[in-house]
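Shown next, in structure tokens, is the structure this report addresses.
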Amino acid sequence: MTSTNNLRRIGQTDLFVTPVAMGCWPITGITSVNVTKADSLATLQAAADAGINFFDSAYIYGYEGESERMIAEALGHRRSELVIATKCGLEWGPDKKQRRDARPETIRRQCDESLQRLKTDVIDLYYLHAPDPDTPVAESAGAIRELLDAGKIRAAGVSNFTQIEHYEQFHAVCPISADQPHYNMLQREIEQERLPWCRAHGVSVMVYWPLMKGFLAGKLTRDHQWDPKDGRQKYPVFVGEEWTKTHDFLDKLRPIAANAGRTLAQLAVAWTVQQPGITAALCGAKRPEQIRETAAAMDWILSDAELAAVRKAIDERGEVLSRAAVT
Ligand SMILES: NC(=O)c1ccc[n+]([C@@H]2O[C@H](COP(=O)([O-])OP(=O)(O)OC[C@H]3O[C@@H](n4cnc5c(N)ncnc54)[C@H](OP(=O)(O)O)[C@@H]3O)[C@@H](O)[C@H]2O)c1
């Protein structure tokens with residue numbers, strides 16, 4: 001087996017990324033608590049220093065695009081080393097609620113704004129963040145295809161697609177190089193249809209929530225008191241019986257990580273990027289020590305015995321109530 005430390009190719013492009021990417025949503029502080037700009041800039045720098053070359057942002061990461069701006073501020077001087085992904089097709093309304101808008105004119109405007117915020121001439125990977133029910137997928141794809149042809153982006157991707165026909169419609173107009181669904185040890189719905197479709201079409205799969213929004217890092221205790229601003233408590237998996245069952249699951253993982261001299265977060269991430277068809281895990285972080293910890297998962301290849309022990313714990317945990325959220 002090749003080392004997961006090796007760079008992995010995005011689709012059929014000449015872009016190569018580390019299997020651990022830094023997810024740049026938590027640094028906006030919109031749903032995470034205790035986020036400061038100084039910590040966020042330091043976290044971005046720590047990610048690059050730890051060997052991560054892949055950074056995942058979006059037009060809506062920050063009410064004023066703060067995530068993209070901080071990537072430029074912290075890492076602009078290292079631009080040539082980085083593969084920067086960002087996304088279009090979502091906007092903040094005046095009520096600070098997200099709304100979908102993937103009309104071609106919106107995509108063109110958002111791309112230009114993201115290029116300015118990132119202080120770059122080209123976006124490496126540009127995703128449609130989510131399909132817009134009021135705009136045919138082929139029209140959104142057409143606008144992204146134009147950006148490819150104009151050299152404003154290097155590769156196109158999709159995110160939060162749930163229907164195979166949407167993938168087909170997009171791909172017929174604009175080649176999909178990467179998909180971005182959620183996926184982790186306990187939320188594996190994509191294994192049914194979407195992951196096989198991507199594998200069959202040579203599409204890379206960059207997964208969000210590898211740590212299940214931090215839960216699989218194992219640092220939230222059973223009696224954790226949620227801060228009212230912490231967005232995680234709205235997910236069914238973080239409350240009631242599900243919370244207890246998932247803590248029981250973590251207790252089964254702890255010895256597997258400990259026997260290898262690793263942490264739970266590293267086990268969750270190393271397992272994720274070792275699954276067939278998964279190209280990269282997008283690991284959110286808001287402090288340097290968090291991203292250093294997850295980056296260190298890149299050099300751990302789980303043995304067959306470790307994989308089997310994780311599989312047993314997953315099977316015993318049973319199905320998890322899941323609900324995707326777009327961030
Ligand atoms: N396409 C989409 O619609 C979509 C949706 C969601 C996410 N994403 C992308 O995927 C990325 C990952 O998702 P995410 O950030 O929501 O979730 P995640 O990576 O599963 O979890 C990130 C959170 O886990 C905690 N954490 C991280 N490393 C840790 C460590 N070593 N020890 C303990 N806790 C640790 C931190 O939260 P605390 O410190 O607060 O516990 C951090 O904010 C995002 O940043 C974004 O780039 C995309």
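Neighbouring Cβ atoms within 10 Å as the yardstick, rank His129, His171 fewest first. Don't skip to the answer; put the middle values down first.
Numbers: His129 26, His171 17.
With the fewest neighbours first, His129, His171 line up as His171, His129.
Below 18 Å, Cα to Cα, which aspartates and glutamates can Lys119 reach? Residues fewer than 8 away in the same chain don't count.
Asp56, Glu64, Glu66, Glu68, Glu73, Glu81
Quick one: angle between helix 104-118 and the longest Cα principal axis of the chain, in degrees between 0 and 90, rounded to 10, please.
70
So what's Rg/Rh here for the stretch 142-220, counting alpha carbon atoms and using the Kirkwood radius for Rh? Working shown, then result.
Details: Rg = 14.5 Å, Rh = 13.7 Å.
Rg/Rh for the stretch 142-220 comes to 1.06.
Take the eigenvalues of the Cα gyration tensor for the stretch 1-157, scale each by 5, and report the square roots as semi-axes in whole Å, largest first. Before the final figure, lay out the partial values.
Values: eigenvalues 119, 87, 36 Å².
For the stretch 1-157, the semi-axes come out at 24, 21, 13 Å.
Could you identify which residue out of Asp223, Asp149, Asp134 has the top mean-square fluctuation in a GNM of the chain using Cα springs shorter than 10 Å?
Asp223
To make sure I understand the rule: partners must be aspartates and glutamates, Cα under 12 Å from the Cα of Lys286, and not fewer than 8 residues away in the same chain. Which ones qualify?
Result set, ordered by chain and number: Asp39.
Can you tell me the 0 to 90 degree angle between the C-alpha axis of helix 264-273 and the longest principal axis of the chain, rounded to 10?
Tilt of helix 264-273: around 50 degrees.
Tilt of helix 240-259 relative to the longest C-alpha principal axis of the chain, in degrees (0 to 90, nearest 10)?
Long axis of 240-259 versus the principal axis of the chain: about 80 degrees.
Based on the inverse mean of 1/r over its pairs of different Cα atoms, what is the Kirkwood hydrodynamic radius of the chain, in Å?
Numbers: mean 1/r = 0.0504 Å⁻¹.
19.9 Å is the Kirkwood radius here.
Kirkwood hydrodynamic radius, computed over distinct alpha-carbon pairs, for the stretch 97-195: how many Å, to one decimal? Don't skip to the answer; put the middle values down first.
Details: mean 1/r = 0.0714 Å⁻¹.
Averaging 1/r across every pair of different Cα atoms and inverting gives 14.0 Å.
Can you tell which of Pro228, Pro26, Pro104 shows the greatest fluctuation in a Gaussian network model of the chain with Cα springs below 10 Å?
Of Pro228, Pro26, Pro104, the most mobile in the Gaussian network model is Pro228.
What value does the stretch 1-56 have for Rg/Rh, both radii from Cα atoms and Rh as Kirkwood defines it? Display every interim value, and only then the final one.
Values: Rg = 13.7 Å, Rh = 12.7 Å.
Taking Rh as the inverse mean 1/r over Cα pairs, Rg/Rh reads 1.08.
If the cut-off is a Cα-Cα distance under 16 Å, which aspartates and glutamates reach Lys245, setting aside same-chain residues fewer than 8 apart in sequence?
Asp223, Asp315, Glu316, Glu319
Please identify the chymotrypsin sites (Phe, Trp or Tyr not before Pro) of the stretch 204-281 that satisfy two criteria: DSSP loop assignment and at most 14 other Cβ atoms within 10 Å. Which are they? Numbers along the way, then the final one.
On the way: sites: Tyr208, Phe215, Trp226, Phe238, Trp243, Phe249, Trp271; in loops: Trp226.
Answer in residue order: Trp226.
None of the figures in this text is laboratory data; all of them are computed from the coordinates on show. Everything numeric in this text was worked out from a predicted model, so none of it was measured. Glycine also receives a Cβ, built like all others from the backbone with ideal geometry; neighbour counts cover every protein chain displayed.
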